[in-house]
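A quick write-up on the structure given underneath.
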Amino acid sequence: MKKKPICSFCGRSMPQMFRGEDDSYICYDCIENGHKMVAQIIAESAKTDTIEGVSLGTLPKPAAIKEFLDQFVIGQDDAKRFLSVAVYNHYKRLLQNQSKDETYKDVEIEKSNIIMVGSTGTGKTLMARTIAKMLAVPFTIVDATVLTEAGYVGEDVESLLTRLLQEADYDVAKAEKGIVFIDEIDKIARKSDNPSITRDVSGEGVQQGLLKLLEGSIVNVPPEGGRKHPEQEFIHINTQNILFICGGAFDGIERKIAQRLNTQVVGFDAQQKQKIDKNDLLQYIAPQDLKAFGLIPEIIGRLPILTYLKPLDREALRRILVEPKNAITKQYQKLLSMDGVKLTFTAEALDYIVDKAIEFKVGARGLRALVETVMMDLMFSIPGQKVSELQITKELAQEKIEKADSLKLQNAV
């Protein structure tokens, strides 16, 4: 009696089998399973080396990225150039396997995380939000102030990636190519160089936890965010290809820069070797200043690109009021146009608002607060009235702002 052929892979005997040259057999089920495995491997390989809708030929160039930023962010050309190049190189790093040049085929491009330093209201977060509009990779903005060391009240550092995962619709391969903007990075600075009996759980402890994320490693991410616990199921994300951009005000770091530059010269004949602009010390910022402020050397080394944002002068604030696509004055003009009212601002009114913003010293955010103050009563009374035009003059703006200030003083007494 002739022995039935047996599948060399699953060991089963099937009615229809394929025979190999060495008298081995494979059944239909194993062929189907093998086909699925090969298709999955090809699909995963394609995901790793491509970005949806983007190739080396259609990659947005740094000049195009900066031009897009210019439509929404006034000034800060240096920071825009740094950010544009960082994003462009991030794209090229993800697409490096598409390169046809065999000269550097063994060279692997490493990511260069970036840190932006600038006082409040200079546009750090705005640049991050704006650049997210034109990217073909997942982008998210997260806040470092909610983070604490593992085991303490607050969120673990891994929760930063939960938002990125949500932006990628829980597509892990897509999330692993994303960009994360960590805001308020200065708030996790080491509180003191002196030893203490208490742990610095929201300062140095968080910085230590961020090291593995910035460098690149397999991280267990809770799908819903928050605190991790042993019974929870985690999603594994490789952060090697995730670009991290950090931003912070670093309030008071100018004193560290001044100490390093030795701006306080002692002696009658003492002269500085180079002229230093004391009104804009941030332009001289260096990694050692970040270390003196409270960032640990390991995290500074993982943020190799350091750039700064200039403080906004009167001219920049004036342009911010009217030039960007989403300028606050344009937003109110659109709001009132929906009620059939044409809104205009006189040049004197805009100048007055800018002067008050400089007095408050809160940057571009002060402009929004002032325009809100001027428009609040009008936005309440105008809708429903038969008004086709409304002009904001200096006298009207001054009246509304002074009225708001007097009410605050009355409430404080």
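The values are calculated or read from the model by the stated rules, or taken from the named source; none is laboratory data. Remember, predicted model here, so these are calculated numbers, not experimental data. So basically every Cβ, Gly included, is an ideal-geometry build from the backbone, and we count neighbours across all protein chains shown. What goes into the accessible areas is simple: the full protein's heavy atoms, side chains included, and nothing from ligands, DNA or RNA. Shrake-Rupley method; radii C 1.70, N 1.55, O 1.52, S 1.80 Å.
What shape does segment 68-125 take by its C-alpha gyration tensor, where a ≥ b ≥ c are the square roots of the eigenvalues and a/c under 1.5 counts as rounded, a/b above b/c as prolate, and the rest as oblate?
prolate
Tally Lys and Arg at +1 and Asp and Glu at -1 over the other residues with C-beta under 10 Å from the C-beta of K80: what net charge comes out? Each step should come with its number before you reach the end.
Details: positive: K66, R81; negative: E67, D70, D77, D78.
After counting each charged neighbour, the total is -2.
Would you mind telling me the share, in percent, of accessible area of segment 285-413 contributed by carbon and sulfur at probe 1.4 angstrom? Mind showing how you got there, number by number?
Details: 3940 of 7350 Å².
That fraction is 54 percent.
Can you give me the accessible area per residue for segment 299-413, using a 1.4 Å probe, in Å²? Walk me through the numbers on the way to the answer.
Working: 6760 Å² over 115 residues.
Here the residues of segment 299-413 average 59 Å² of exposed surface.
Convert each backbone phi in segment 4-14 into a coupling constant with the Karplus relation 6.51 cos²θ - 1.76 cosθ + 1.60 (shift: θ = phi - 60°), then list the ³J(HN,Hα) values in order as whole Hz, x for Gly and Pro.
For segment 4-14, the Karplus-derived couplings read 5, x, 10, 4, 6, 9, 9, x, 9, 9, 10 Hz, x marking Gly and Pro.
Using heavy-atom solvent-accessible surface (probe 1.4 Å) with all chains present, what is the largest-first order of K334, K356? Numbers along the way, then the final one.
On the way: K334 140, K356 35 Å².
Heavy-atom accessible area, descending, gives K334, K356.
Does segment 315-395 come out rounded, prolate or oblate by the C-alpha gyration tensor, with a ≥ b ≥ c the root eigenvalues, rounded set by a/c under 1.5 and, if not, prolate when a/b is larger than b/c and oblate if not?
Details: a/c = 2.05, a/b = 1.81, b/c = 1.13.
Judged from the Cα gyration tensor, segment 315-395 comes out prolate (a/c at least 1.5, a/b above b/c).
Please list, or write none, the aspartates and glutamates whose alpha carbon is within less than 15 Å of the alpha carbon of K187, excluding same-chain residues fewer than 8 places away.
D143, E149, E155, D200, E204, D251
Provide K92, K361, K342 ordered by accessible surface of protein heavy atoms (probe 1.4 Å), highest first.
Numbers: K92 70, K361 170, K342 125 Å².
Descending order: K361, K342, K92.
Please list M14, M338, M376, M116 from largest to smallest accessible area, probe radius 1.4 Å, with all protein chains kept in place. List each step's numbers first, then the result.
Values: M14 55, M338 145, M376 110, M116 0 Å².
Result of the area sort, largest leading: M338, M376, M14, M116.
Going down the list K361/K386; K174/K291; K66/K330; K105/K174; K133/K400; K111/K133, which pairs span over 31 Å between their C-alpha atoms? Provide the component values of the computation, followed by the final result.
Numbers: K361/K386 38 Å; K174/K291 34 Å; K66/K330 22 Å; K105/K174 24 Å; K133/K400 35 Å; K111/K133 22 Å.
Pairs exceeding 31 Å: K361/K386; K174/K291; K133/K400.
If we sort 247-255, 169-177 on the protection proxy, mean other Cβ atoms within 10 Å, highest first, what's the order? Write out the running numbers ahead of the final one.
On the way: 247-255: 19.0, 169-177: 17.2.
Going by the mean number of other Cβ atoms within 10 Å, highest first, we get 247-255, 169-177.
Using amide H atoms built 1.01 Å from N in the peptide plane, name the residues 5+ places from V219, or on other chains, whose amide H lies under 5 Å from its own.
Here I237, N238, T239 satisfy the definition.
Could you calculate the FRET efficiency of E215 with D280 from 1/(1 + (r/R0)^6), where r is the beta carbon distance between them and R0 is 25 Å, rounded to 0.05?
Numbers: r = 33 Å, r/R0 = 1.31.
The value I calculate is 0.15.
Under a straight-distance cross-link criterion of Cα-Cα below 28 Å, which lysines are reachable from K4, leaving out those fewer than 8 residues away in the same chain?
Here the lysines satisfying the reach criterion relative to K4 are K36.
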